[in-house]
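First up is the structure itself, then whatever we jot down about it.
The values are calculated or read from the model by the stated rules, or taken from the named source; none is laboratory data. Every value quoted in this text rests on a predicted model; they were computed, and no experiment measured them. Using ideal geometry, Cβ is built from the backbone for each residue, glycine included, and neighbour counts are taken over all protein chains shown.
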Amino acid sequence: MHSKKSRSRFSFCIGFFLLLISPSFFPSFRPLFFAPYLILSIYRFPLFPVLLRGILCGTLFDLASSHPFFGLTPLIYCITLLVLYTQKFNFFEDKLSTVPLMCGIFSLLFTCLEAGAFALFGGKITLSWRWALTDLLGMVFFDLLYALFFFALPFLLTGSLGKMFNRRRAR
């Protein structure tokens with residue numbers, strides 16, 4: 001039980017640390033640093049605790065952001081987590097590609113829902129080829145690589161990919 005909590009805390013701390021320092025180096029670059037933590041939570045916890053984690057991470061993301069729609073990110077995180085929670089059985093949970101692939105899907109859903117919500121609430125969203133290239137393709141690709149290099153590969157290199165999901169493999 002203790003190791004499950006420590007792994008969860010560690011993945012949360014990585015996302016929180018990167019959320020805090022990223023504006024100093026890349027002010028206009030806002031990847032979804034909590035996506036791998038939330039994807040891991042989908043495989044570890046029931047739906048309600050996953051949604052609470054989504055609310056917490058979304059609120060922290062909103063506190064670090066400057067857009068005028070405070071509270072919208074936790075809502076979009078929860079909607080995205082609801083969709084992905086139903087899909088967790090379609091992916092093998094102990095494979096190297098699961099976390100990056102699910103993070104890419106999370107990023108794509110989040111970006112589309114965020115654009116729709118901003119447009120709904122009167123925000124300024126310009127749908128163009130540049131937006132599609134940067135936000136839809138570029139950010140999804142970055143979030144995928146972030147999940148691969150910061151979460152999936154380190155666990156693989158330490159030989160604990162199965163422990164990442166806190167389950168034993170059937171032998």
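A few comments on the model shown:
One line per residue, one yes/no per condition, for (1) at pLDDT 85 or above; (2) surrounded by 17 or more Cβ atoms within 10 Å (Cβ to Cβ); (3) of a type in the set (S, T, N, Q):
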| residue | (1), (2), (3) |
| --- | --- |
| SER41 | yes, yes, yes |
| THR59 | yes, no, yes |
| PRO74 | yes, yes, no |
| LEU81 | yes, yes, no |
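- Every residue from the range 54-69 that is over 15 Å from LEU113 (Cα atoms) and part of a loop (DSSP other than H, G, I, E, B): SER65, SER66, HIS67, PRO68
- Candidates PHE155, PHE165, filtered to the one that is in contact with a helix residue (DSSP H, G or I) (Cβ under 7 Å, 6 or more places away or on another chain), surrounded by 14 or more Cβ atoms within 10 Å (Cβ to Cβ), modelled with pLDDT under 85 and within 20 Å of PRO49 (Cβ to Cβ): PHE165
- Residue pairs whose Cβ atoms lie under 8 Å apart, sitting 6 or more positions apart in sequence or on different chains, and linking a residue in the range 57-81 that is touching a residue at least 12 places away in the same chain (Cβ under 8 Å) and more than 28 Å from PRO46 (Cβ to Cβ) to a partner that is of a type outside the set (Val, Ile, Thr) and not in a helix (DSSP H, G or I), are SER65/ARG30; HIS67/GLY123; PRO68/GLY123; PHE69/PHE121; PHE69/GLY123.
- Single residue of the range 99-139 satisfying the filter (among the polar types (S, T, N, Q) and modelled with pLDDT of 80 or more) that is nearest to the chain's Cα centre (by Cα): SER107
- Filtered residue count, the range 8-53, keeping only those that are closer than 21 Å to ASP135 by Cα, of a type in the set (Gly, Ala, Ser) and part of a helix (DSSP H, G or I): 4
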